[in-house]
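This report concerns only the one structure given below.
The values are calculated or read from the model by the stated rules, or taken from the named source; none is laboratory data. Just so we're clear, the structure is a prediction, and the values are computed from it rather than from any experiment. Positions of Cβ are backbone-derived with ideal geometry, glycine not excepted, and every protein chain shown enters the neighbour counts. Ligands, DNA and RNA are stripped out before the accessible areas are found, and what is left, the full protein with its side chains, is counted by its heavy atoms. Shrake-Rupley method; radii C 1.70, N 1.55, O 1.52, S 1.80 Å.
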Amino acid sequence: MDRTRLKSLGSLVSALALAALLPVLVALWVGDGVEKLLTGDSATVHSVTQCVEGGGQLPAAHCYGTWAFADGRTASGEITGAEVAAGDTIFAGDGWAYDSTSPLHWRIWTPVTIFGAGAAALTASWLSYRRSRDAPAPGRSREDEH
């Protein structure tokens, strides 16, 4: 096998390995958010002990408090998002909570959308490359090449 063909084969293997690895990385990145959306439930805030403003270089705004689920279970911890008060409805699990499901959807759909757009752009680029490579040279027909 000549050096040029070997280099081309190495590039193809690298591209395929990257293409196989990227979906795994995206799945790992969004996995926690997906798990929370699937396992979380609406809850009612019982008490709030402290709220911290966030944004910019600071962590997201959050409060610490306790909440109860419709089935009677209770939990406590950090409630991420806007300031909440006793009686507010939140989306929560055991030890975690959000003021709504919106931050979780952002954490999931933003990287998925970016990955999907990147995959579509790479596919379009690859198809364009294949078409241009397989097209006959200007002024020649396919029959002239054989």
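Before moving on, here are some points about what is shown:
- Search result, residues across segment 87-96 that are surrounded by 13 or more Cβ atoms within 10 Å (Cβ to Cβ), under 13 Å from Thr44 (Cβ atoms) and of a type outside the set (Phe, Trp, Tyr): Asp88, Thr89, Ile90, Ala92
- The set of residues in segment 97-111 being farther than 12 Å from Lys36 by Cβ and open to solvent by 40 Å² or more (accessible area, probe 1.4 Å) consists of Asp99, Ser100, Ser102, Trp106, Trp109, Thr110.
- Screening segment 45-59 for residues that are open to solvent by 60 Å² or more (accessible area, probe 1.4 Å), at pLDDT 90 or above and of a type in the set (S, T, N, Q) and picking the one that is nearest to Gly87 (Cα to Cα) gives Thr49.
- Subset tally (residues that are more than 29 Å from the chain's Cα centre (by Cα) and in contact (Cβ under 8 Å) with a residue 40 or more places away in the chain) for segment 44-89: 4
- Filter result for Val13 (closer than 24 Å to Phe115 by Cα, among the β-branched types (Val, Ile, Thr), touching a residue at least 40 places away in the same chain (Cβ under 8 Å) and out of contact with any Gly (no Cβ under 7 Å at 6 or more places or on another chain)): no
- Where a residue in segment 20-43 is within 28 Å of Phe69 (Cα to Cα) and open to solvent by less than 70 Å² (accessible area, probe 1.4 Å) and its partner, wherever it lies, is of a type in the set (Val, Ile, Thr) and not in a helix (DSSP H, G or I), with Cβ under 6 Å and at least six apart: Ser42/Thr89; Ala43/Ile90
- From Val30, Val48, Val34, residue being under 20 Å from Asp99 (Cα atoms) and not in a helix (DSSP H, G or I): Val48
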